[in-house]
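Here is the structure we will look at.
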Amino acid sequence: MTATAKITDVERILLVIPMVDRVRREMERANIHRWSESEIIRLTLDDGTVAYGETIQNYTWGRVDDTDRVIGQSPFDLMWDDSLGAGLQMALFDAAGKIAGVPVHRLLGPKVRDWCPVSFWDHDMGPSAYEAEARVAVDLGFTSIKIKTRPWHDVYATVQRISDATPDWFHIDCDWNDFLLDVSTAVPVLRELENDFPKIAIWEGPMQANDVAGNRLLREKVRTPIAHHYGSVPGSVAIQQGYCDGFVIAGGVTNVLRSGISAATANMPFFIQMVGTGLTTTMALHLGAVLSHAQWPAINCHELYGHNLLDQRIPVVGGYAQTPEAPGLGIIIDESALDTYRVDVADFSLPRRLIRYSRANGVRVYFADTSFSQGSSMWDYWRTANQPIYERGVATAYLDDDGSADFADLYKRAKAAPVLSPAT
């Protein structure tokens, strides 16, 4: 291998890697089953080096749009270019490390830790499902779980069940995705939870990040550290105004390093959030090895996939994973898994289903739009306070089509707009 090696081929391999059975239906309800689509980039260089990267097509910060411009180029000339997309940039770093005979973290900066904190992660689920996942997390060596605290689930019951099911040393981080809306709503909810459940460690995004004054006031009224995504407001504003205790940092390698160094200058910890299989998780470990303030557990979600695409599971010991020391990413790809999960076109169509939200007083609301993201009917319904925010006793169910005329009629109406059924 030589430092002058040039890229001769870029292969794009489309995979659909199913989510593990225990959460498959919950992920379908939230439309997160689409994260099963992974594009693997396989680079070949003229010296025989083969390197890999990954893009989670329906989540990752950057898809790979243009591979032709790397042909004939050295990985060292291109690897810092975030605009190339997640998978291609990752493969370039893997190639550069293999050419140089060093692990990726040696290309990023001085190493500050061998073991990086990592968290178990699940999307938007009800109390019983989260309890089961927390038990799995403990069994796999994790000491924390990050949960999505949605207003259509009972957050109090969720945190209670996770707390009861896990050891005293286990922690819970709660991601609100701004659904607490404002200070007057957020303060009583957060105070009650942090007073009743000592396992809660971090609040992420309790209310809109661009409300700098509101977040600063909220921080004064609760004792649990608050995190926001770095860049939601200019980093200098976030740091100078003291509106959060730490950050979530994501994106390309150059962006993550710059943001992480900025956070470090203010002595503020952060999560690295790079979602994907074992490839993406390993890239996050290399970044965590050189960023001094990547002290909060990284969010990767690789345990949700039926296969992590590596030849072995990434061991987690007491909530930490070790950064590889072999050249490049330092991992071995399971080539048979690439063959098993390879597809020409990803198909995420689902049977016709409804989501039913129920309140303790008997009111029900039906939705046919299962997307979790901004712009979906469920998201906008609570963003505009059509129902109470974080009421006790609420529940959400995923309903299969029973073939009846009543289901067909309800589904048709719910496709047009959420259908409210009064208490009887």
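Across the accessible surface of region 26-185, with the other protein chains kept in place and a 1.4 Å probe, carbon and sulfur atoms take up 45 percent. Remark: the residue 58-residue 164 segment gains 34.7 nm on full extension, using 0.36 nm per residue and subtracting the alpha carbon distance.
Spacing of the modelled spin labels on residue 191 and residue 73, each 7 Å from Cα toward Cβ, amounts to 5.5 nm.
Taking R0 as 51 Å, what FRET efficiency do you get between residue 399 and residue 220 from their Cβ-Cβ distance, rounded to the nearest 0.05?
0.75
Paramagnetic label reach from residue 335 (point 7 Å along Cα→Cβ; backbone nitrogen cut-off under 18 Å): within region 299-319, residues 309-312. At q = 0.21 Å⁻¹ the log10 of I(q)/I(0) for region 259-367 amounts to -1.10, computed by Debye summation with a single uniform scatterer per C-alpha, solvent ignored.
Taking 0.36 nm per intervening residue step and subtracting the Cα-Cα distance, what contour gain separates residue 261 from residue 22 on full extension? Kindly include the intermediate steps, with their values, before the conclusion.
Numbers: separation 239, 0.36 × 239 = 86.04 nm, distance 3.82 nm.
Gain on extension, residue 261 to residue 22, equals 82.2 nm.
Measuring between their Cα centroids, region 333-357 and region 190-250 lie 35 Å from each other. With the cut-off at under 15 Å, measuring from each backbone N in region 252-282 to a point 7 Å along the Cα-to-Cβ line of residue 81 picks out 253-254.
At 1.4 Å probe size, with the rest of the protein present, what percent of the exposed accessible area of region 263-313 is carbon and sulfur atoms? List each step's numbers first, then the result.
Working: 540 of 1190 Å².
Whole-percent figure for carbon plus sulfur exposure: 46.
State, as an integer percentage, the relative contact order of the chain based on alpha-carbon contacts under 8 Å between residues 6 or more apart. Walk me through the intermediate numbers first.
Details: 916 pairs, mean separation 77.0, N = 424.
Rounded, it is 18 percent for the chain.
Rolling a 1.4 Å probe over the heavy atoms of the protein chains gives region 280-424 an accessible area of 47 Å² per residue.
Screening the chain for whole DSSP H helices of 20 Å or more along their axis (Cα) with average Kyte-Doolittle hydropathy at least -1.0 returns 86-100.
When ranked by the protection proxy of mean other Cβ atoms within 10 Å per residue, highest first, what sequence do the peptides 257-264, 169-176, 93-100 form?
Details: 257-264: 19.2, 169-176: 21.1, 93-100: 25.4.
Final packing ranking: 93-100, 169-176, 257-264.
One equal scatterer on each Cα of region 1-101, no solvent, Debye formula: the resulting log10 I(q)/I(0) at q = 0.24 Å⁻¹ is -1.14.
How much net charge surrounds residue 230 when only the other residues with a Cβ under 14 Å from the Cβ of residue 230 are counted, with Lys and Arg +1 and Asp and Glu -1? Could you put the intermediate results ahead of the total?
Values: positive: 258; negative: 204, 245.
Once positives and negatives cancel, what remains is -1.
Residue 349 sits among other residues whose Cβ lies under 12 Å from its own Cβ, and their net charge, with Lys and Arg +1 and Asp and Glu -1, is +1.
Can you pick out the pairs among 148/221; 148/412; 146/221 whose Cα atoms lie more than 25 Å from each other? As for pairs spanning more than 25 Å Cα to Cα, those are 148/412. Estimated from the Cβ-Cβ distance and a Förster radius of 35 angstrom, the FRET efficiency linking residue 102 and residue 140 is about 0.75.
Put a dot 7 Å past the Cα of residue 4, heading toward its Cβ, do the same for residue 240, and the two dots end up 5.0 nm apart.
Quick one: length gained pulling residue 407 to residue 384 fully straight, 0.36 nm per residue minus the C-alpha distance?
Numbers: separation 23, 0.36 × 23 = 8.28 nm, distance 2.70 nm.
5.6 nm is the gain from fully extending residue 407 to residue 384.
In this structure region 105-250 gives 36 Å² per residue of accessible area when probed at 1.4 Å with all protein chains present.
The values are calculated or read from the model by the stated rules, or taken from the named source; none is laboratory data. What you are looking at is a predicted structure, and each value in this text was computed from that prediction instead of being measured. Don't worry about glycine lacking a Cβ; one is built from the backbone with ideal geometry, like all the others, and counts go over all protein chains shown. Only protein heavy atoms, including side chains, enter the accessible area calculation; ligands, DNA and RNA are left aside. Shrake-Rupley method; radii C 1.70, N 1.55, O 1.52, S 1.80 Å.
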